Amino acid sequence: MGLLVEGLSCNRAGRPVLEGIALEVPDGGCLALRGPNGAGKSTLLRVLAGLLPAASGTIALDGIRLDRDRDGYGERLAYAGHLDAIKPQLAVAENLAFWAALHGGGDIAAALEAFDLAAIAERPAHVCSAGQKRRLGLARLLVAPRRLWLLDEPTVSLDADAVARLLAVLRGHLAGGGMAVIATHADLGLPEPRVLRLAPLAARSAARQTEPFLAGDWA
Amino acid sequence: MSAGAAVLGRELRLALRSGGGAGLGLAFFLITVLLVPFGVGPEPEKLATVAVGTLWIAALLACLLSLDRLFQADQEDGTLDILALSPLPLETLVALKAAAHWLTTGLPLVAAAPLLGITLNLPAPAFPWLVASLAVGTPGLSFLGAIGAALTIGIRRGGLLLSLLVLPLYIPSLIFGASAATAAAEGRDPGPAILLLAGLTLGIVALAPFVGAAAIRLNLR
């Protein structure tokens, strides 16, 4: 069934950030979001996650509309944003165990192994490096099986080895029929990725506006 | 309800680890109450008249101390986004966090109150009723505080605004809680006041999770 988005627009603080977004990701498909800073990549991911309300348009995952069945929609996706959602006081394994228990109990050991975290499982998260924290944040994707992964710049602060591990995990997810939407500047080298290019809407809408006050002069 | 147990366990663990602030409220409570004899004077009769009010007001303020981080810490590190997407309803999350706040902040205050009652020369018949009124009233303080914490998630220095929002809402709990213990001290029946306080707390505990969850949804946008 896949992810189907039509005519999506989103406003933040009264200004349009996304307009007329249409995209489709089939089972096993991967969509890369590209665009300069401020183009709305993170906003689009948050709207797709249901964390931000869409001003118009429809979002459906496996035929389940976000606006009609929020819980059913939410149960099918995992979101990994800029922030890794890690508690510094807890150990690496404790952080992961919490997310596993919250989502009904997944295989923590396998998730730790997939991102090479087994050796530092007992280390408090506050002494982990940025790359280790990012790997821990990504390992959360594996403790609960979800159809759609929404990843915001997943390769930030990862070294070459960790990027390779992320790619292996992603390939496994896609091969199992899962979907992924990834905002990234890096070329991940995934097989046949679809690409959606976003342009900053402020620049586009300014050209259309004739009223100078609304044309963005106040911004 | 394994997801709920996971949240409650995590909250308690975080509060008890370094920097969690579980001992902070208790230490503040002890120091505030111990300062009163220095300000009011050491005469036992004088202290006995202010003992109940002092203990209750100090408990209110101690409850406020760790409230501002209740949701803000989770918002800052991205945990709140993931919790909002989890199968656990936000209402349950608010209730669990408020309950964990009471277990780590309110309950120690209830336990320490009799000891501090001695230092303030609290009349003997008032002891059990002071403990009872705090035990019945402080859960309401944590749950009302959770509403304030949810409203001020996105605000820097939100703790100050939180105090202004929440302290007026604490007034009914303070009135009934203090009057129950005072009634016992003066030989009157503390029953009606403590029953009213219990009703108030039950009402707050029932409603606060819904109000708090609505406030979090607004703040996530």
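The values are calculated or read from the model by the stated rules, or taken from the named source; none is laboratory data. Predicted model, so just to flag it, every value in this text is computed and none were measured. Because the Cβ atoms are built from the backbone with ideal geometry, glycine has one as well, and the counts that use them run over all protein chains shown. Heavy atoms of the whole protein, side chains included, go into the accessibility calculation; ligands, DNA and RNA do not. Shrake-Rupley method; radii C 1.70, N 1.55, O 1.52, S 1.80 Å.
Things worth noting here:
- Spherically averaged projected area of the convex hull of Cα atoms, region A:67-165: 6.3 nm².
- Where B:Trp129, A:Trp99 fall by accessible area, highest first, once all protein chains stay in place (1.4 Å): B:Trp129, A:Trp99
- Based on the reciprocal of the average 1/r between different C-alpha atoms, the Kirkwood radius for the protein assembly as shown equals 24.3 Å.
- Considering only A:Gly104, A:Gly14, A:Gly38, the mean-square fluctuation computed in a Gaussian network model of chain A, springs between alpha carbons under 10 angstrom, is largest for A:Gly14.
- Fraction in percent of alpha-carbon pairs per bin - 5 Å, region A:18-96: 3, 12, 20, 22, 17, 12, 8, 4, 1
- Taken along the Cα-to-beta-carbon direction at a fixed 7 Å, the label points for A:Arg68 and A:Arg12 span 3.0 nm.
- By the combined test of axial Cα extent (at least 18 Å) and Kyte-Doolittle hydropathy (mean at least 0.5), the qualifying DSSP H helices of chain A come to A:160-175.
- Descending Cα extents along the principal axes, region B:62-181, whole Å: 51, 28, 22
- A quarter of the convex hull surface defined by the alpha-carbon atoms of chain B gives 12.0 nm² as the mean projection.
- Sparse packing (at most 16 other Cβ atoms within 10 Å of the Cβ) combined with a DSSP loop state is found for the following GluC sites (Glu not before Pro) in region A:36-143: A:Glu122.
- Sum of side-chain charges, A:Val181 neighbourhood, beta-carbon under 10 Å (Lys, Arg +1; Asp, Glu -1): +1
- GNM flexibility winner over chain B from B:Ser179, B:Ser18, B:Ser142 (Cα, springs under 10 Å): B:Ser18
- MRE, 222 nm, helices only [DSSP H, n ≥ 4, -39500 (n - 2.57), over chain A, to nearest 500]: -9500 deg cm²/dmol
- Accessible area per residue for the protein assembly as shown, computed on protein heavy atoms with a 1.4 Å probe, is 44 Å².
- Evaluated with a Cβ-only charge set (Lys, Arg +1; Asp, Glu -1), the protein assembly as shown carries a dipole of roughly 460 debye about its Cα centre, given to the nearest 20.
- The A and B chains share an interface that buries close to 2200 Å² of accessible area, total over both sides, probe 1.4 Å.
- Surface share of carbon and sulfur [accessible, 1.4 angstrom probe, percent] for the protein assembly as shown: 63
- Neighbourhood net charge (12 Å Cβ-Cβ; Lys/Arg +1, Asp/Glu -1) for A:Arg146: +1
- Cβ-Cβ distance of A:Asp187 and B:Glu76, R₀ of 22 Å, FRET efficiency by 1/(1 + (r/R0)^6): the value works out to about 0.10.
- In terms of accessible area, using a 1.4 Å probe and ignoring ligands and nucleic acids, A:Arg123, A:Arg34 rank largest first as A:Arg123, A:Arg34.
- Take the Cα of B:Ile175, step 7 Å toward its Cβ, do the same at B:Ala5, and the gap between the two points is 4.3 nm.
- Between amide H atoms placed 1.01 Å from N, distances below 5 Å from A:Met179 occur with A:Gly28, A:Leu148, A:Trp149, all of them 5 or more places distant or on a separate chain.
- Dimensionless Rg over Rh [region A:1-48; C-alpha; Kirkwood]: 0.99
- Euclidean distance of C-alpha centroids, region B:113-170 and region A:12-42, integer Å: 46
- Anisotropy class of chain A from Cα gyration tensor, a/c 1.5 cut: prolate
- Of the residues B:Leu144, B:Leu164, B:Leu115, the one whose Cα sits farthest toward the positive end of the charge dipole of region B:87-220, with +1 on the Cβ of Lys and Arg and -1 on the Cβ of Asp and Glu, is B:Leu164.
- If you run the Gaussian network model on chain B, springs between alpha carbon atoms under 10 Å, then out of B:Ala198, B:Ala48, B:Ala150 the most flexible one is B:Ala48.
- Evaluating kT/(6 pi eta Rh) at 25 °C and 0.890 mPa s, with the Kirkwood radius of region B:135-221 over Cα pairs in the Stokes-Einstein relation, gives 177 µm² s⁻¹.
- Contact order relative to length of region A:112-204, as percent, for alpha carbon pairs under 8 angstrom and 6 or more apart: 29
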